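One structure below.
We did not get these values from a lab; they are worked out from the coordinates using the rules stated. This one's a predicted model, so the numbers in the text were calculated from it and none came from an experiment. Glycine also receives a Cβ, built like all others from the backbone with ideal geometry; neighbour counts cover every protein chain displayed.
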Amino acid sequence: MNRFALFTALALLPLAAPAGADVVQATPAGFEIKQVVTVDVPIAHAWETLRAPQKWWSKEHTYSDDSANLYLDAQATGCFCERMKDKGSVEHARIVYIAPGRMIRLVGALGPLQAEAVTGTLTFRLDPEGSNATRITLTYVVGGYVRAGADTLAPKVDEVLAVQMLGLKSAAEAAPEPEAKPEK
């Protein structure tokens, strides 16, 4: 998806959001987003779904217009990447910390932020909610130089990430409990 189309898609997003969606703070130099969803599956099931973004990341927020082209190499330095039809590829983020079943932290400038001089740290933390539910907390902290000001993009980035969190919840709750895959 070209940059103009991606910005347009951001502007047209519905306002549906996880129960705990919030732009914590925003300045021209950066922003912090926090979102929380509770998924009605055990933590191991939520973790396996999180590790498969092709099952839950919205195709409207890919460069190839096809979520099946997304993949996550779930180990430190692993790539959250996307294959392109022309044999090209896109690195959305890279894993810098992973604690299986508990947390994954990636560094990358998502979507239109990739064309700006910023660094973003995206963290997913999983906590058990009893024995059959999982609270997933997403934080995305972005800092650097954004030509239009980071604070102008923060609400739209928040909406895009809300779509992804709702997709994660929906995919985890709709799928049968997956077989645990060995960690790399």
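Evaluate E = 1/(1 + (r/R0)^6) for Glu116 and Asp40, where r is the Cβ-Cβ distance and R0 equals 30 Å; express this FRET efficiency to the nearest 0.05.
FRET efficiency, Glu116 to Asp40: 0.20.
Within region 94-109, list the residues whose amide N lies under 17 Å from a label point set 7 Å along Cα→Cβ of Val141.
94-98, 103-109
Per 0.36 nm of contour for each residue apart, how much would the distance between Lys59 and Met103 grow if the chain were fully extended, relative to their Cα-Cα spacing?
Once the chain is fully extended between Lys59 and Met103, it gains 13.4 nm.
For a test of the definition: using alpha carbon positions, the gyration tensor, and the 1.5 limit on a/c, classify region 35-85 as rounded, prolate or oblate.
Oblate, because a/c is 1.5 or more while a/b does not exceed b/c.
Which far-off residues, 5 or more places away or on another chain, put their amide H under 5 Å from the one on Val118, with H placed in the peptide plane?
Tyr145
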